Structures are given as structure tokens and as C-alpha cells.
Amino acid sequence: MEAGNPAPDNAQMAKALEKLADTLDCVGHQLLSQRKDRKAAFLAAALLRYTRTRHASELPPRWQPTADTSLEREVRRRFDYELQPDDPRWTDLLAKLDQATAADPLIAAYLSQTSRPDGDVQKPTPTDPTNSAT
């Protein structure tokens, strides 16, 4: 999808998000069933769930958070055959993954950084209390 366009318009971004969802679902499922890579499949399912939730307004109906994807269904089945999309054991597991990543200082710092329009990270100013050099 990337063709050197640094600022895709809304239609291009919606198309890219749909392609990402398609790819995560397809490749994640293949990693699980063909390569037996459970970790990659779980992480793909978690990213797929995050993408579908975070960007729901830009995705078609088949990728809405209320829909069930084949990858998520298959990963859940490997945890417990009866595990459903809204089962607290599944939703809590995904929440724990979010909490664990946010608890890591390096990841938390990355997630809290603001970017300039050119994509570069806004560096702390000398008067910024988060700047450890002061």
C-alpha cells in the first residue's frame, strides 16, 4: 500500500486498515495452522482485535469489533474450545496484554511521546520536568 505518500487521505487509510485486518487474519491463521507458531498467531489475533476496536469507524462490517474473525476464533479454541469472543477469560487476557505492555517503562515512554507533523519525536525541552538532564 505504501507508495511514498507520507499523508494518506481518509479513504486510503481505510483501505490500508482493511488490508491490515485481512492480512493479520490470513497470515496469523497460517502461522498457527501451518507453522505451529502459537505466539505469532496470538500476537496477530491481539493486534487484529486492537485494530478492529481502535479503528472500527474506518473498517467495513466484517471487521467490526462485534464480528468474530477466523483467527481470533481459532486462537481462542486453542485456549479452550468453548471460549467465546465476549468471554471474560478472553477479554481479560487481552486486557492483561495491554496492561503488561503499558507497564514497561520503555513502551510507556514510547506510547506517551508526541510526534511532530514530520513524524519526528518531540524531544523534551530543558525546562521539561521529564528531561533527566535538568
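The values are calculated or read from the model by the stated rules, or taken from the named source; none is laboratory data. The shown structure was predicted, so the numbers you read here are calculated from the model rather than taken from an experiment. As a convention, Cβ positions derive from the backbone with ideal geometry for all residues, glycine included, and neighbour counts pool all protein chains shown.
Observations on the structure shown:
- Residue in segment 21-31 that is under 15 Å from the mean Cα position of the chain (by Cα) and of a type in the set (S, T, N, Q) present: yes
- Condition check for residue 103: at pLDDT 90 or above, loosely packed, with under 11 Cβ neighbours inside 10 Å and of a type outside the set (Asp, Glu): yes
Residue-by-condition table, conditions (1) within 18 Å of residue 97 (Cβ to Cβ); (2) out of contact with any Lys or Arg (no Cβ under 7 Å at 6 or more places or on another chain); (3) not hydrophobic (A, V, I, L, M, F, W, C):
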position	(1), (2), (3)
18	no, yes, yes
32	yes, no, no
37	yes, yes, yes
41	yes, yes, no
48	yes, yes, no
53	yes, yes, yes
59	no, no, no
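- Checked against the criterion of being within 17 Å of the chain's Cα centre (by Cα) and over 15 Å from residue 47 (Cβ atoms), the candidates 92, 98, 86 yield just one match: 92.
- Taken together, 71, 32 contain a single residue that is more than 24 Å from residue 108 (Cα to Cα), in a helix (DSSP H, G or I) and touching a Gly at 6+ places or on another chain (Cβ under 7 Å), which is 71.
Conditions tested, residue by residue: (1) in contact with a helix residue (DSSP H, G or I) (Cβ under 9 Å, 6 or more places away or on another chain); (2) assigned to a helix (DSSP H, G or I).
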{"position": "43", "(1), (2)": "yes, yes"}
{"position": "53", "(1), (2)": "no, yes"}
{"position": "67", "(1), (2)": "yes, no"}
{"position": "77", "(1), (2)": "no, yes"}
{"position": "92", "(1), (2)": "no, yes"}
{"position": "102", "(1), (2)": "yes, yes"}
{"position": "110", "(1), (2)": "no, yes"}
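Listed here are the residues, each with its yes/no results for (1) surrounded by fewer than 17 Cβ atoms within 10 Å (Cβ to Cβ); (2) modelled with pLDDT of 95 or more; (3) under 18 Å from residue 90 (Cα atoms).
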{"site": "14", "(1), (2), (3)": "yes, yes, no"}
{"site": "19", "(1), (2), (3)": "yes, yes, no"}
{"site": "23", "(1), (2), (3)": "yes, yes, no"}
{"site": "26", "(1), (2), (3)": "yes, yes, no"}
{"site": "38", "(1), (2), (3)": "yes, yes, yes"}
{"site": "51", "(1), (2), (3)": "no, yes, yes"}
